[in-house]
1. For residues that are in a loop (DSSP other than H, G, I, E, B) and over 24 Å from the mean Cα position of the chain (by Cα), tally how many sit in segment 42-69.
2. Outside the structural domain of Arg281 (by TED's automatic domain parsing), in contact with a helix residue (DSSP H, G or I) (Cβ under 6 Å, 6 or more places away or on another chain) and either more than 16 Å from the ligand (Cβ to nearest atom) or modelled with pLDDT of 95 or more (or both): is that true of Val130 in this structure?
3. For residues that are hydroxyl-bearing (Ser, Thr, Tyr) and under 16 Å from the mean Cα position of the chain (by Cα), scanning just segment 166-221, find the one that is farthest from Tyr282 (Cα to Cα).
4. Out of segment 113-127, which residues are more than 11 Å from the ligand (Cβ to nearest atom) and either in a helix (DSSP H, G or I) or buried (at least 20 other Cβ atoms within 10 Å of the Cβ) (or both)?
5. Residues Glu269, Glu232: which one is out of contact with any helix residue (DSSP H, G or I) (no Cβ under 9 Å at 6 or more places or on another chain) and more than 23 Å from Asn36 (Cβ to Cβ)?
6. Please determine whether any residue of segment 212-227 is part of a helix (DSSP H, G or I), at pLDDT 95 or above and among the hydroxyl-bearing types (Ser, Thr, Tyr).
7. Looking only at segment 165-190, which residues are surrounded by fewer than 24 Cβ atoms within 10 Å (Cβ to Cβ) and out of contact with any Gly (no Cβ under 6 Å at 6 or more places or on another chain)?
8. Search segment 258-277 for residues being among the small types (Gly, Ala, Ser) and free of Cβ contacts under 8 Å to residues at least 60 places away in the same chain, and hand back the single one that is surrounded by the most Cβ atoms within 10 Å (Cβ to Cβ).
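The values are calculated or read from the model by the stated rules, or taken from the named source; none is laboratory data. None of these values were measured; they are calculated from a predicted model. Don't worry about glycine lacking a Cβ; one is built from the backbone with ideal geometry, like all the others, and counts go over all protein chains shown.
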Amino acid sequence: MPANASGMTSPAFDELSVNSWVVAAGRPSAVGAPLNVPIIPASNFTLGSTQAYARDDGTPTWEALEEIVGGLEGGKSVAFASGMAAISAVFDQLTAGALVVLPEDCYQGVAGLAAAGAARNRWTVERLAVDDTSGWVRACAHADLLWLESPSNPLLTVADLAAICGVVRKPGSILAVDNTFATPLNQRPLSFGADVSIQSATKFIGGHSDLLAGVATTQDEALWEALRKSRELNGATPGALEAYLAVRGARTLAVRLERAQINAKVLAERLAEHPLVSVVRYPGLATHPTHEVARRVLKGFGSILSFDVRGGAVEADAVCAAVRLIRHATSLGAVETTMERRAAIPGQEHLPASLLRISIGIEDVEDLWRDLDTALRVS
Ligand SMILES: Cc1ncc(COP(=O)(O)O)c(C=O)c1O
């Protein structure tokens, strides 16, 4: 267990189960040191070491987050101010006139970023269905950036990363996967051959709805350097407190996800039988269109699902207004269950009007079910 420049050590990833590794990794090793890397609110350091200025060189608190997410994803990480900052750093690698291929269903922030760049003639954008595996395979020959998000937000379509990421790509191109919904515990895109994997650490890594952070991870040293440079030049640095909280959150990722996933399966199965629900989208259901792909590429089916309330926007809004334990809130991946009507979000108007996305937390599943069922019946 050699210590890195900041005096942190981690066991070898393969030495332990991931549940243990995520608890043990990225801790100070010196005798008398605190067990956790502290919050280091530094802009600058006494000269003479590898750390002079935080925006250029990082801080030990950011490095702890990078160490943990890097190990989980199987590469080397760069921590950012948010998931969007990490995503922007990848787009920053494109040269003028590049071709970006994006999924039809994806987080509206990345679609907005791609559209804004296209409007300024920085690149052109093509969209492909997440499950159009042969389309993605063909795009590998000519795209400069292949952007995949899987499972997708909010239709939960699973891309066949095993088939797509192994294909020979245009030289100099980047295949990026937004791995936020799956988390690195359920999917490791780099192991399939992706160039970079993105986490909005705001979600599952942090896990408590109390921070914004992002992490990009790659096995390509030159890309890692370029992402660091982008962070430095754009100033997209994480906050000290946020990085600390993300590390603290990551310690319990495995246990939170395990519980949330058990809850999600139960709720998905019960919602699928509910008379007031017309469609349930959860990759773990045998009826889900990409269930077979999910079984091959995901270790677990995750804790996010979406479902359509019978009726329209009014009925779905009424369900959101009626829940008591479940929080009517955006975002996902936290200990508390959150639910929102996605077509109400700017840029998501194309979705079914009554689609509710629910991110299942770690509460007691019977309490969650009672809340949801009651809200559906009173709406
Ligand atoms: C799948 C996905 N990727 C990226 C992001 C952006 O992350 P952040 O809000 O941390 O910038 C989000 C935010 O909701 C998301 O859902």
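1. 10
2. No; evaluated as a whole, the condition is false for this residue.
3. Thr218
4. Ala114, Ala115, Ala116, Gly117, Ala118, Ala119
5. The match here is Glu269.
6. No, that holds for no residue.
7. Val167, Val168, Arg169, Lys170, Pro171, Gly172, Ser173, Leu185
8. Ala268
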